[in-house]
């Protein structure tokens, strides 16, 4: 888990350097100026970009910066360079454990991970000794897979884990027969389905319903010093998700606007599956499932036991947006 340790080290440095501005200022008319950091935008990010535009229309000045790695966003949040970011939950929890001034405030997307296998793979025992693709030892999908293996496989039975890179690479390896199974997200599955035969072995959205791997988080000083702007953002995000759930074509339109290079046919199918599975719900976070998320990462060894939902999250903005 070298990447996890690197994030923790950055968080320690950042917490000691935190200057408490949240990347934000107050304008002469009482509106706020602040910065939102996004990590390599994808389909799950476009509702956030739409929410930013809604906040701009309300009079606030918002800059969006694109970063390559979540730890850079975490460092910027802790130092006060950025007000809001959204990506993997685990780096935020690691930083919070190191006393960084960061709070989880909304959900990005529910747990969309599932294990897919070649024909004939229907259970954990079927994977005993078989090649199983993972992104890295420290990846959240790897942690989910290993917890499932520990609970579901018979004694002494486990896959042969092979580290082979990102979801697209692993998906292609599955199709090519180089691995027997791998964790994939909805978008990866849709992109591969044309004529390809493989089956879902386990849906982590159902087996780990309280795990929220991707969340929105903010600098704590921004939340207290620019409450109206923070509320405007969270309310706008909740509304964007509601529009998507009312009509998946809304997501297709957002993708066309913010990610015009995506294939429209794939986006339409992905949108339908997100809505069918109820994955877009910014307001889904509760103290119970935030605690469930914390407990999962503690079991996985990413953070130490003992953190509470109140340590990690401020759900007051979601409650006000309801």
Practice problem: Would you calculate the separation in nanometres between label points at residue 65 and residue 40, each defined as 7 Å from the Cα along the Cα-to-beta-carbon direction? | Solution: 1.9 nm
Self-check item: Span from the the range 275-322 Cα centroid across to the the range 76-91 one, whole angstrom
Solution: 16 Å
Quiz item: Applying 1/(1 + (r/R0)^6) with R0 = 25 Å to the Cβ-Cβ distance of residue 281 and residue 257, what FRET efficiency is obtained, to the nearest 0.05?
Solution: 0.70
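How much FRET efficiency would the formula 1/(1 + (r/R0)^6) give for residue 169 and residue 28, where r is the Cβ-Cβ distance and R0 is 45 Å, rounded to 0.05?
0.35
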Quiz prompt | With Cα atoms, 0 to 90° folded angle of helix 287-299 axis to the chain main axis | solution = 50 degrees
Quiz item: For all pairs of alpha-carbon atoms in the chain, what percent lies in each bin of width 20 Å, listed from the first bin to the last filled one?
Solution: 32, 58, 10, 0
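Please give the peptides 132-140, 113-121, 151-159, 231-239 ranked by average Cβ packing (other Cβ atoms within 10 Å per residue), highest first, as a rough proxy for protection.
Order by mean packing, descending: 231-239, 132-140, 113-121, 151-159.
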Quiz item: At residue 160 and residue 246, where each label point lies 7 Å from the Cα along Cα→Cβ, what is the point-to-point distance in nanometres?
Solution: 5.3 nm
Practice problem: With a ≥ b ≥ c taken as the square roots of the eigenvalues of the C-alpha gyration tensor of the range 106-185, please select rounded if a/c is under 1.5 and otherwise prolate if a/b is larger than b/c or oblate if it is not? | Solution: oblate
Practice problem: Take the Cα of residue 58, step 7 Å along the line toward its Cβ, and report every residue of the range 298-322 whose backbone nitrogen sits under 20 Å from that point. | Solution: 314-322
Quiz prompt | By average C-beta atoms within 10 angstrom, highest first, the peptides 88-98, 66-76 | solution = 88-98, 66-76
Quiz item: Calculated from DSSP H runs of 4 or more alone, at -39500 (n - 2.57) each and per residue, what is the 222 nm mean residue ellipticity of the chain, nearest 500?
Solution: -14000 deg cm²/dmol
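No lab work stands behind these numbers, since they all come straight from the coordinates. Computed from a predicted structure; not experimentally measured. Because the Cβ atoms are built from the backbone with ideal geometry, glycine has one as well, and the counts that use them run over all protein chains shown.
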